[in-house]
Amino acid sequence: MPPPTPPLPDHPILVVGAGGIGAPAALALGHAGVTRLCIVDDDQVELGNLHRQILFDEGDVGTDKLAALRRALVRRLPALEIELRPGRALPDTALELCAGAAVVIDATDNFASRFLLADAAHLAGVPIVHAAAVRWQATVLAVAAAGRPCYRCLFEDVPAGVLVDCATAGVAGPVCGVSGALAADRALDLCQGRAPGTILTYDGERDRLREVAVAARRDCPLCGEHPTIGSLDAARYMPPACEGSD
Amino acid sequence: MAVTVRIPTPLRPLTGGMDEVSASGATVLEIIEDLDKRHPGVRDRLLDGGKVRRFVDIFVGPEDIRFLDGAATVVTDGAELTILPAIAGGRAGH
Ligand SMILES: [Zn+2]
């Protein structure tokens, strides 16, 4: 029996990235009773991604992820209202995308998009969940509408170097699923006005889920006492050392 | 000071797959230097010059060192360090 459904938002939940994290998050939200989703992606389904993009099958290979995800969702949830936004979140579109959303789920796979969405959601006054996965590690950070503590409190700025070598990183399918499910759970929390101010980390090698408290930085350029980020200046989101679309 | 360092999965290739390793030092910086002797390459992943990289968070117990003294944060014997890197996403088959 499903748990009782709390009141859910009228505005759509914006899911940016329709891959291994965004797709299971969208499915979980739909099953939780969310009635409207807006999904952003610019990529196609690839055979090599099917192990972690479990809503897609071989018949979807070569088609747009957005179309494939809509098919998969509608089959299960015919009443779900789904708006598709082909493309990426970019400095000139991110604010408008975020502004109409109840919550944003950042399921992108590159740092430039993550920082862009963090800034856009903050400027729009919309809560956001950042969900990521690499190898056997997933992290999920929920940021309240009030915007503190934020992604930049924790990770400051687009990395100039990369901690993980993208050429060898890859990601385990189940870890993506965990990240997406946790993202949906935290998004529903945010819809209820609950923001725990923690980051969840999941270690898929040891099957350990940990929750670490995050504190707001007073000198954070986005949410601190003297913020310096008041607009989405494209130069701030330089392409990362390796970029791809998940 | 002997401490336990929790290694996140992206760094485990450097520690032979170990998720927890021991290290010693009086500060976070000294601990990272010691880790690098035992597991070469760790330092570069965590430090830029003498400072912790901006997209890496290190916690001593529950405390984020950003709110303490950064790499100069003093650690006590038996402390537990957690390394939390920013991760973006991942593509398989690359
Ligand atoms: Zn902040």
When the stretch A:171-214 is examined, which residues are found to be of a type in the set (A, V, I, L, M), modelled with pLDDT under 90 and open to solvent by 40 Å² or more (accessible area, probe 1.4 Å)? A:A195
What tally of residues in the stretch B:69-87 results from selecting those that are under 25 Å from B:T9 (Cβ atoms) and in a loop (DSSP other than H, G, I, E, B)? 6
Among the residues of the stretch A:129-139, which ones are out of contact with any Phe, Trp or Tyr (no Cβ under 8 Å at 6 or more places or on another chain) and open to solvent by less than 10 Å² (accessible area, probe 1.4 Å)? A:V129, A:A131, A:A132, A:A133, A:V134
When you check A:G87 against the structure, is it on the phi > 0 side of the Ramachandran plot, among the small types (G, A, S) and surrounded by fewer than 18 Cβ atoms within 10 Å (Cβ to Cβ), yes or no? yes
Take A:D109 and decide whether it is in a loop (DSSP other than H, G, I, E, B), touching an Asp or Glu at 6+ places or on another chain (Cβ under 8 Å) and away from the ligand (no atom under 16 Å from the Cβ). yes
Do we have B:T4 as of a type in the set (S, T, Y), in contact with a Gly (Cβ under 9 Å, 6 or more places away or on another chain) and either over 23 Å from A:W136 (Cα atoms) or modelled with pLDDT of 95 or more (or both) here? yes
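Quick check: is even one residue across the stretch A:98-106 open to solvent by 10 Å² or more (accessible area, probe 1.4 Å) and within 28 Å of A:A172 (Cβ to Cβ)? Write out each step before concluding.
Going residue by residue through the stretch A:98-106, those that are open to solvent by 10 Å² or more (accessible area, probe 1.4 Å) are A:99-102.
If we keep only those that are within 28 Å of A:A172 (Cβ to Cβ) too, we end up with none.
No, the stretch A:98-106 contains no residue that is open to solvent by 10 Å² or more (accessible area, probe 1.4 Å) and within 28 Å of A:A172 (Cβ to Cβ).
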Among the listed residues A:A146, A:A142, A:A133, which satisfies the condition of being within 16 Å of the ligand (Cβ to nearest atom), touching a Gly at 6+ places or on another chain (Cβ under 9 Å) and assigned to a strand (DSSP E or B)? A:A142
Selection from the stretch A:72-84 of residues that are open to solvent by 80 Å² or more (accessible area, probe 1.4 Å) and in contact with a strand residue (DSSP E or B) (Cβ under 9 Å, 6 or more places away or on another chain): A:E81, A:E83
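Each row is one residue, and each column tells you yes or no for (1) surrounded by fewer than 17 Cβ atoms within 10 Å (Cβ to Cβ); (2) more than 8 Å from chain A (Cβ to nearest Cβ).
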site: B:V3; (1), (2): no, yes
site: B:R45; (1), (2): no, no
site: B:D64; (1), (2): no, no
site: B:V74; (1), (2): yes, yes
site: B:I83; (1), (2): no, yes
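The values are calculated or read from the model by the stated rules, or taken from the named source; none is laboratory data. Because the structure is predicted, anything quoted here is derived from the model rather than measured. Cβ sites come from the backbone with ideal geometry, for glycine too, and all protein chains shown count toward neighbours. Side chains are part of the model used for accessible areas, which takes the heavy atoms of the whole protein and leaves out ligands, DNA and RNA. Shrake-Rupley method; radii C 1.70, N 1.55, O 1.52, S 1.80 Å.
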